[in-house]
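Here the structure comes first, spelled out in structure tokens, and everything after it is commentary.
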Amino acid sequence: MFDAKMDAEGFFGLPTDHESLAAVSDRASGLEAIVAIHSTARGPAFGGCRYWHYENRDAAIRDARRLAEGMSLKNALADLPFGGGKAVIIRNPRQTDRQALFSRFGRFVESLEGRYVTAEDVGTTEADMAAIAAQTPYVSGLKTAKTYGGNPSPKTALGVFVAIRSGVRQVLNRRDLDGLVVAVQGLGSVGWDLCRLLAGAGCKLIVADINPAVAAKAVEQFGANTCEPDAILFQDADVLAPCALGGVLNVDSIPKIRAKLIAGAANNQLQSITDGDSLHKAGIYYLPDFLVNAGGIVSAVREYQGKLGEQQVIEEVERIGQRVEELVARVARLDLAPARAADAWARSLLVPTR
């Protein structure tokens with residue numbers, strides 16, 4: 001077993017502008033995890049724990065670093081008193097005792113002495129957070145009988161829905177969502193809840209998921225049309241909502257996208273910031289993920305603080321719509337691509353909150 005806490009000079013030979021990277025490898029539990037802390041300027045780093053298969057450790061490190069930076073921007077724009085961090089646990093088919101795995105990860109989080117607070121992300125659950133919570137108080141996303149909290153995915157979906165509604169008004173000049181065609185990539189917890197909200201508002205849905213049974217269920221419940229996963233980005237839709245994994249907006253995909261507005265739940269949708277420039281030049285309005293998908297972190301933070309109730313959290317998530325309006329105004333005033341304008345706005349807020 002080893003625990004390694006690396007400083008800003010780098011990690012395993014990889015240069016980084018993050019504040020710190022820490023790693024643990026534990027043979028007994030099978031845990032191999034990385035925590036990236038990008039910024040604590042606003043407060044302790046707060047961001048979810050992803051449980052995913054990676055080709056190698058370097059790939060996991062790169063993902064953790066990029067996700068942590070996105071959390072810094074997300075928390076800043078959401079006006080939360082926390083910095084940005086992210087954990088990734090490398091999935092291994094030989095791992096059979098999930099309770100032991102996440103219990104050991106909880107001890108790792110505890111060793112960071114409050115500089116990082118964790119919560120659910122892709123591949124992790126409320127039960128995993130409960131195992132972590134048995135070892136450390138630096139965790140959120142816990143379901144109890146007495147307090148508001150638990151899985152933050154519904155609040156993430158609500159934030160994306162509100163962002164789409166605001167973007168449609170501001171960018172597409174439509175008064176409501178009735179009859180709007182939305183292509184949704186990925187029907188996990190967030191994508192599914194987003195479809196439910198969109199269908200309830202009268203949207204026509206085109207959906208795709210790597211699990212055909214889930215896509216078929218969306219046809220039954222929401223009246224959606226389906227397509228193959230590798231074709232969903234290129235459908236004839238008003239809005240594209242990427243809700244799977246990142247990097248889908250890139251030099252190969254952008255020339256084939258037909259939607260005029262992009263707003264989805266996936267983190268790091270752009271492969272690089274220059275892809276945001278390409279979208280802008282193509283006349284496609286991209287609402288950056290770190291603005292749009294902040295509902296989940298709002299939920300997790302307020303649960304962790306224990307300050308707000310359900311309705312207050314909903315009202316705070318719905319303020320994402322106002323930030324979309326502010327972004328549109330900034331883009332017009334500064335004559336920048338939305339990705340650049342949002343990035344500059346968020347980085348200007350990476351300062352102490354008190």
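Numerical summary
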quantity: Flag for residue 325 being open to solvent by 40 Å² or more (accessible area, probe 1.4 Å), over 25 Å from residue 273 (Cα atoms) and in a helix (DSSP H, G or I); calculated: no
quantity: Test: residue in segment 93-107 that is of a type in the set (A, V, I, L, M), closer than 24 Å to residue 314 by Cα and either in contact with a strand residue (DSSP E or B) (Cβ under 8 Å, 6 or more places away or on another chain) or surrounded by 24 or more Cβ atoms within 10 Å (Cβ to Cβ) (or both); calculated: no
quantity: Matching residues, segment 231-254, being in contact (Cβ under 8 Å) with a residue 24 or more places away in the chain, of a type in the set (S, T, N, Q) and open to solvent by less than 40 Å² (accessible area, probe 1.4 Å); calculated: 250
quantity: The lone exception for residue 177 - which of (1) open to solvent by 30 Å² or more (accessible area, probe 1.4 Å); (2) touching a Cys at 6+ places or on another chain (Cβ under 6 Å) it fails; calculated: (1)
quantity: The lone exception for residue 90 - which of (1) under 15 Å from residue 300 (Cα atoms); (2) among the aliphatic types (A, V, I, L, M); (3) surrounded by fewer than 24 Cβ atoms within 10 Å (Cβ to Cβ) it fails; calculated: (1)
quantity: Positions within segment 29-46 being touching a strand residue (DSSP E or B) at 6+ places or on another chain (Cβ under 8 Å) and at positive phi, in sequence order; calculated: 43
quantity: Residue match in segment 208-230 (condition: open to solvent by less than 40 Å² (accessible area, probe 1.4 Å), farther than 24 Å from residue 247 by Cα, at pLDDT 95 or above and under 23 Å from the mean Cα position of the chain (by Cα)); calculated: yes
quantity: Filter result for the condition that a residue is open to solvent by less than 40 Å² (accessible area, probe 1.4 Å), hydroxyl-bearing (Ser, Thr, Tyr), out of contact with any Cys (no Cβ under 6 Å at 6 or more places or on another chain) and modelled with pLDDT of 95 or more, over 138, 116; calculated: 116
quantity: Close pairs from segment 330-347: first over 14 Å from residue 270 (Cβ atoms) and free of Cβ contacts under 8 Å to residues at least 24 places away in the same chain, partner of a type in the set (Gly, Ala, Ser) and not in a helix (DSSP H, G or I), Cβ under 9 Å, at least 6 apart; calculated: 331/337
quantity: Members of segment 180-206 found to be among the β-branched types (Val, Ile, Thr) and open to solvent by 10 Å² or more (accessible area, probe 1.4 Å), listed by number; calculated: 181, 190, 206
quantity: Filter result for residue 42 (basic (Lys, Arg), within 18 Å of residue 302 (Cα to Cα) and either assigned to a loop (DSSP other than H, G, I, E, B) or open to solvent by 10 Å² or more (accessible area, probe 1.4 Å) (or both)); calculated: yes
quantity: Number of positions in segment 255-274 that are under 20 Å from residue 235 (Cα atoms) and crowded, with 22+ Cβ neighbours inside 10 Å; calculated: 8
quantity: Members of segment 257-301 found to be assigned to a helix (DSSP H, G or I), hydrophobic (A, V, I, L, M, F, W, C) and under 19 Å from the mean Cα position of the chain (by Cα), listed by number; calculated: 273, 290, 291, 292, 297, 298, 300, 301
quantity: Residue 19 being over 21 Å from residue 247 (Cα atoms), touching a Ser or Thr at 6+ places or on another chain (Cβ under 8 Å), modelled with pLDDT of 95 or more and of a type outside the set (Val, Ile, Thr); calculated: no
quantity: Cβ pairs under 7 Å, 6+ apart, first in segment 23-47 and acidic (Asp, Glu), second part of a loop (DSSP other than H, G, I, E, B) and open to solvent by 20 Å² or more (accessible area, probe 1.4 Å); calculated: 26/1
quantity: Of residues in segment 157-174 being under 14 Å from residue 289 (Cα atoms) and not β-branched (Val, Ile, Thr), the one surrounded by the most Cβ atoms within 10 Å (Cβ to Cβ); calculated: 159
quantity: Any pair with Cβ under 6 angstrom, 6 or more apart, that starts in segment 202-215 at a residue that is without any contact (Cβ under 8 Å) to a residue 60 or more places away in the chain and ends at one that is part of a strand (DSSP E or B) and open to solvent by 70 Å² or more (accessible area, probe 1.4 Å); calculated: 206/225; 207/226; 215/226
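The values are calculated or read from the model by the stated rules, or taken from the named source; none is laboratory data. Keep in mind it's a predicted model, so treat the numbers as computed, not measured. Cβ coordinates were reconstructed from backbone atoms using ideal geometry, including for glycine residues, and neighbour counts include every protein chain displayed. Each accessible area value is taken on the protein alone, full model and side chains, heavy atoms only, with ligands, DNA and RNA left out. Shrake-Rupley method; radii C 1.70, N 1.55, O 1.52, S 1.80 Å.
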